[in-house]
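Below you'll find the structure, written out as structure tokens, and then a few comments.
The values are calculated or read from the model by the stated rules, or taken from the named source; none is laboratory data. Fair warning: this is a prediction, and the values are worked out from it, not measured in the lab. Cβ sites come from the backbone with ideal geometry, for glycine too, and all protein chains shown count toward neighbours.
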């Protein structure tokens with residue numbers, strides 16, 4: 001059974017993937033790993049197993065678009081069929097409806113349209129080679145809807161699609177489509193105005209979350225026209241819906257609601273009685289609940305996962321626990337997790353994470369112990385050219401303990417190193433152990449990479465995360481970064497004269513705050529699509545975020561409150577550029593709806609007014625992040641040169657002509673001077 005949270009800012013965006021191809025990973029002149037090898041088309045494949053465990057669906061980048069493919073997991077090379085066509089657009093999300101049908105969403109660059117489609121598989125074709133498939137359009141437009149899950153009726157299913165209730169409100173109704181006929185009917189009109197909504201696979205029960213201006217959240221249950229308030233969470237408490245039990249009264253939630261509850265845990269709440277029962281929590285009481293493995297009919301939990309330094313499982317079934325131990329012994333060291341499973345629970349898709357290779361996914365049959373690697377997405381970069389990541393801990397000025405990760409450059413001295421401080425985005429996210437091409441980019445250039453889980457990060461409990469509320473720019477969030485840098489210096493790891501801060505999104509804001517409010521700490525800074533003016537950032541959040549405005553103001557502040565606006569302005573780097581003494585590089589996507597381009601425009605203008613050295617790059621076709629690999633490669637080429645100029649470090653000398661031209665284009669869009677555009 002497949003169920004999906006329906007957020008107003010819906011985001012089941014699978015990473016792009018590509019089969020292994022010939023790359024030239026090392027620059028012959030100096031041994032630096034090329035940006036083309038590190039930031040090629042995304043290589044992390046996402047496989048999903050059919051309910052009966054006989055087929056897998058996955059995405060494959062054909063050089064132009066991501067196509068949805070189907071194959072036998074035990075013989076992908078001989079059975080794979082590309083189900084969608086190039087003119088269908090690039091597939092970015094998909095789910096199994098049943099053993100013979102899938103639903104998918106595609107994006108067409110021409111006209112920027114999105115399509116919701118269905119795909120049917122010939123029941124007999126999979127036995128004799130590549131499955132025969134047929135696709136059909138269900139909805140198309142600039143915002144036709146978002147995949148929201150599946151409801152089952154016997155062996156057949158209906159595709160749920162969330163469609164806008166009204167322009168501008170971020171609330172969506174749910175429509176059900178029969179994949180065989182395309183017949184459409186309203187499944188639920190969202191008169192409750194719930195921005196988060198989930199349905200059980202039998203279609204009889206719904207659960208949603210209502211958000212309030214003060215940050216309070218309520219869990220809402222709906223059945224047979226009866227609407228119930230099941231749980232109220234304060235502004236400083238977390239609430240997520242994990243799933244609904246089919247043909248039952250239980251809703252699975254992830255929450256830390258309660259005065260005596262510090263870490264999030266998996267609970268059930270009874271629709272009839274409101275009774276809460278804990279069914280998954282960290283037995284060591286040191287980390288938040290991460291996720292769970294459900295049987296596909298949502299009748300029970302097979303295992304709960306927690307993330308400390310790496311993943312840890314607590315199994316409900318001795319059979320499956322033993323199967324996992326057997327599997328663990330068959331694979332190399334790394335972080336192993338179960339990412340999907342069949343209806344019987346006997347066939348798994350598992351993901352192996354390592355620090356010097358991209359994730360690898362495998363098919364595993366727990367009954368036969370048959371293990372098959374799926375796809376081929378390892379890099380051609382030798383391990384000795386990449387850095388090893390290790391977990392670190394340090395004490396802050398107020399005696400809090402911060403954990404994080406440190407990646408040292410390969411083959412270098414282990415002391416007095418140039419360091420890149422690399423704060424994560426969110427900020428209510430966290431760093432994880434594993435392969436990250438951005439981290440390896442810096443390490444291959446000779447930099448140690450420091451990734452602290454500063455306060456405000458998720459995963460470490462209620463108090464730790466809420467300690468970051470309203471602390472952007474000044475306060476413990478930034479202090480934790482500064483204290484980490486001082487710890488690196490005290491340990492002899494960092495050269496105090498060669499420390500840079502680089503980040504994207506919230507990390508980009510932290511980079512600007514670092515060079516502005518702690519100018520003596522950093523030699524230079526790089527901000528990628530980061531905010532610089534907090535009141536304007538909150539005022540201009542995208543439409544789909546507006547139902548969560550109360551939560552945002554709790555974490556950042558309310559610009560409509562004069563006292564809050566004054567504080568937020570005092571935390572905004574754009575108003576204090578005269579304090580900056582280090583060169584800065586800024587990148588932004590012109591189509592960014594989360595952090596508007598104006599945030600960077602105004603910061604760069606203020607820097608130039610104060611005669612600060614600033615390099616500005618703009619990609620006209622990007623939003624919040626990177627979707628075009630050429631943009632990402634050009635930006636990191638510019639970062640490489642920026643760091644080499646101001647900090648030393650390796651710099652790729654042999655660069656393809658088209659990449660140089662593209663960098664020239666991005667720099668030209670950033671209203672740089674002629675000398676800056678030409679890189680002089």
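Could you tell me whether any residue of the range 288-297 is under 27 Å from the mean Cα position of the chain (by Cα), modelled with pLDDT of 95 or more and either over 26 Å from residue 453 (Cα atoms) or part of a loop (DSSP other than H, G, I, E, B) (or both)?
Yes, the conditions are met somewhere in the range 288-297.
Only one of these is touching a helix residue (DSSP H, G or I) at 6+ places or on another chain (Cβ under 8 Å) and modelled with pLDDT of 95 or more: 444, 457. Name it.
Values: 444 fails: modelled with pLDDT of 95 or more.
Of the residues listed, the single one that is touching a helix residue (DSSP H, G or I) at 6+ places or on another chain (Cβ under 8 Å) and modelled with pLDDT of 95 or more is 457.
Would you call residue 365 surrounded by fewer than 20 Cβ atoms within 10 Å (Cβ to Cβ), outside the structural domain of residue 466 (by TED's automatic domain parsing) and under 30 Å from residue 99 (Cα atoms)? Before the answer, list the steps.
Working: surrounded by fewer than 20 Cβ atoms within 10 Å (Cβ to Cβ): yes; outside the structural domain of residue 466 (by TED's automatic domain parsing): yes; under 30 Å from residue 99 (Cα atoms): yes.
Judged against the criteria, residue 365 is a match.
On the basis of being loosely packed, with under 15 Cβ neighbours inside 10 Å and part of a loop (DSSP other than H, G, I, E, B), does residue 355 make the cut? Give the steps one after another, and end with the answer.
On the way: loosely packed, with under 15 Cβ neighbours inside 10 Å: no; part of a loop (DSSP other than H, G, I, E, B): yes.
For residue 355, the condition - loosely packed, with under 15 Cβ neighbours inside 10 Å and part of a loop (DSSP other than H, G, I, E, B) - is not met.
Of all the helices (runs of 4 or more DSSP H) wholly in the range 472-587, which have at least 3 residues that are in contact (Cβ under 8 Å) with a residue 12 or more places away in the chain, on the phi < 0 side of the Ramachandran plot and buried (at least 23 other Cβ atoms within 10 Å of the Cβ)?
Details: elements: 476-490, 506-517, 534-539, 549-555, 562-570.
Per the criteria, 476-490, 506-517.
May I ask you to say which residue of 365, 355, 282, 335 is within 25 Å of the chain's Cα centre (by Cα) and within 20 Å of residue 47 (Cα to Cα)? Explain how you work it out, then say what you get.
Values: 365 fails: within 25 Å of the chain's Cα centre (by Cα); 355 fails: within 20 Å of residue 47 (Cα to Cα); 282 fails: within 20 Å of residue 47 (Cα to Cα).
Going through 365, 355, 282, 335 in turn, just one is within 25 Å of the chain's Cα centre (by Cα) and within 20 Å of residue 47 (Cα to Cα): 335.
Consider residue 214 carefully, then state whether it is at negative phi and surrounded by fewer than 17 Cβ atoms within 10 Å (Cβ to Cβ). Steps first, answer last, please.
Details: at negative phi: yes; surrounded by fewer than 17 Cβ atoms within 10 Å (Cβ to Cβ): yes.
Spelling it out, residue 214 is indeed at negative phi and surrounded by fewer than 17 Cβ atoms within 10 Å (Cβ to Cβ).
So if I check each of 301, 245, 314, which one is surrounded by fewer than 20 Cβ atoms within 10 Å (Cβ to Cβ) and not assigned by TED's automatic domain parsing to the domain that holds residue 462?
Details: 301 fails: surrounded by fewer than 20 Cβ atoms within 10 Å (Cβ to Cβ); 245 fails: surrounded by fewer than 20 Cβ atoms within 10 Å (Cβ to Cβ).
When all the criteria are applied, what remains is 314.
Would you say residue 637 is at pLDDT 95 or above and part of a helix (DSSP H, G or I)?
Working: at pLDDT 95 or above: yes; part of a helix (DSSP H, G or I): yes.
Judged against the criteria, residue 637 is a match.
Where in the range 166-210 are there strands (runs of 3 or more DSSP E), lying fully within it, with 3 or more residues that are under 28 Å from residue 134 (Cα atoms)?
Details: elements: 172-177, 184-188, 196-199.
Hits in the range 166-210: 172-177, 184-188.
Going by what's in this entry, would residue 318 be described as more than 23 Å from residue 431 (Cβ to Cβ), modelled with pLDDT under 95 and out of contact with any strand residue (DSSP E or B) (no Cβ under 9 Å at 6 or more places or on another chain)?
Details: more than 23 Å from residue 431 (Cβ to Cβ): yes; modelled with pLDDT under 95: yes; out of contact with any strand residue (DSSP E or B) (no Cβ under 9 Å at 6 or more places or on another chain): yes.
Judged against the criteria, residue 318 is a match.
Among the residues of the range 171-180, is there at least one that is closer than 23 Å to residue 155 by Cβ, at pLDDT below 90 and crowded, with 20+ Cβ neighbours inside 10 Å?
yes
What residue, of 354, 265, 328, is more than 16 Å from residue 370 (Cα to Cα) and free of Cβ contacts under 8 Å to residues at least 40 places away in the same chain?
Working: 354 fails: free of Cβ contacts under 8 Å to residues at least 40 places away in the same chain; 328 fails: more than 16 Å from residue 370 (Cα to Cα).
Only one candidate passes the filter, namely 265.
Which one of these does residue 535 not meet: (1) under 30 Å from residue 173 (Cβ atoms); (2) more than 21 Å from the chain's Cα centre (by Cα)?
Tallying (1) under 30 Å from residue 173 (Cβ atoms); (2) more than 21 Å from the chain's Cα centre (by Cα), residue 535 fails exactly one: (1).
So that you can scan it fast, the table gives a plain yes or no per residue for (1) surrounded by fewer than 20 Cβ atoms within 10 Å (Cβ to Cβ); (2) out of contact with any strand residue (DSSP E or B) (no Cβ under 6 Å at 6 or more places or on another chain); (3) assigned by TED's automatic domain parsing to the domain that holds residue 270:
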site	(1), (2), (3)
195	no, yes, yes
205	no, no, yes
208	no, no, yes
223	yes, no, yes
226	yes, yes, yes
232	yes, no, yes
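For the list (1) surrounded by fewer than 19 Cβ atoms within 10 Å (Cβ to Cβ); (2) modelled with pLDDT under 90; (3) touching a strand residue (DSSP E or B) at 6+ places or on another chain (Cβ under 8 Å), I need the number of the one condition that residue 30 fails.
(3)
If you scan the range 367-391, which residues turn out to be in a helix (DSSP H, G or I) and out of contact with any helix residue (DSSP H, G or I) (no Cβ under 8 Å at 6 or more places or on another chain)?
Pass one, the range 367-391, residues in a helix (DSSP H, G or I): 383-385.
If the condition is that a residue be in a helix (DSSP H, G or I) and out of contact with any helix residue (DSSP H, G or I) (no Cβ under 8 Å at 6 or more places or on another chain), then 383, 384 are the ones that fit.
Taking the condition assigned by TED's automatic domain parsing to the domain that holds residue 348, touching a residue at least 60 places away in the same chain (Cβ under 8 Å) and over 18 Å from residue 460 (Cβ atoms), does residue 271 pass?
On the way: assigned by TED's automatic domain parsing to the domain that holds residue 348: yes; touching a residue at least 60 places away in the same chain (Cβ under 8 Å): yes; over 18 Å from residue 460 (Cβ atoms): yes.
Yes, satisfied.
Looking at the range 143-162 only, could you name the residues that are in a strand (DSSP E or B), touching a strand residue (DSSP E or B) at 6+ places or on another chain (Cβ under 8 Å) and surrounded by fewer than 19 Cβ atoms within 10 Å (Cβ to Cβ)? So that I can check it myself, show each step before the final result.
Looking only at the range 143-162, we keep the residues that are in a strand (DSSP E or B), and these are 146-153, 156-162.
Filter again for touching a strand residue (DSSP E or B) at 6+ places or on another chain (Cβ under 8 Å), leaving 146-152, 156-162.
Result: 156, single match.
Taking the range 597-634 as the region of interest, how many residues are more than 27 Å from the chain's Cα centre (by Cα) and part of a helix (DSSP H, G or I)? Break it down stepwise before answering.
Looking only at the range 597-634, we keep the residues that are more than 27 Å from the chain's Cα centre (by Cα), and these are 602, 604-615.
Still in the running and part of a helix (DSSP H, G or I): 602, 604-609.
Residues flagged as more than 27 Å from the chain's Cα centre (by Cα) and part of a helix (DSSP H, G or I) within the range 597-634 amount to 7.
When the residues of the range 593-611 are narrowed to those that are touching a helix residue (DSSP H, G or I) at 6+ places or on another chain (Cβ under 6 Å) and under 15 Å from residue 579 (Cβ atoms), which ends up surrounded by the most Cβ atoms within 10 Å (Cβ to Cβ)?
Keep residues of the range 593-611 that are touching a helix residue (DSSP H, G or I) at 6+ places or on another chain (Cβ under 6 Å), which gives 602-603, 606-607, 610.
With the extra rule that they be under 15 Å from residue 579 (Cβ atoms), the set shrinks to 603, 606-607, 610.
Numbers: 603: 28, 606: 20, 607: 25, 610: 13.
Across the range 593-611, the extreme among qualifying residues is 603.
Does the range 645-657 contain at least one residue that is touching a helix residue (DSSP H, G or I) at 6+ places or on another chain (Cβ under 6 Å), in contact (Cβ under 8 Å) with a residue 24 or more places away in the chain and within 23 Å of residue 34 (Cα to Cα)? If you could, list the steps in order and put the result at the bottom.
From the range 645-657, those touching a helix residue (DSSP H, G or I) at 6+ places or on another chain (Cβ under 6 Å) are 649, 651; that's our starting set.
Next cut, in contact (Cβ under 8 Å) with a residue 24 or more places away in the chain only: 649, 651.
Those left that are additionally within 23 Å of residue 34 (Cα to Cα): 649, 651.
For the range 645-657, residues touching a helix residue (DSSP H, G or I) at 6+ places or on another chain (Cβ under 6 Å), in contact (Cβ under 8 Å) with a residue 24 or more places away in the chain and within 23 Å of residue 34 (Cα to Cα): present.
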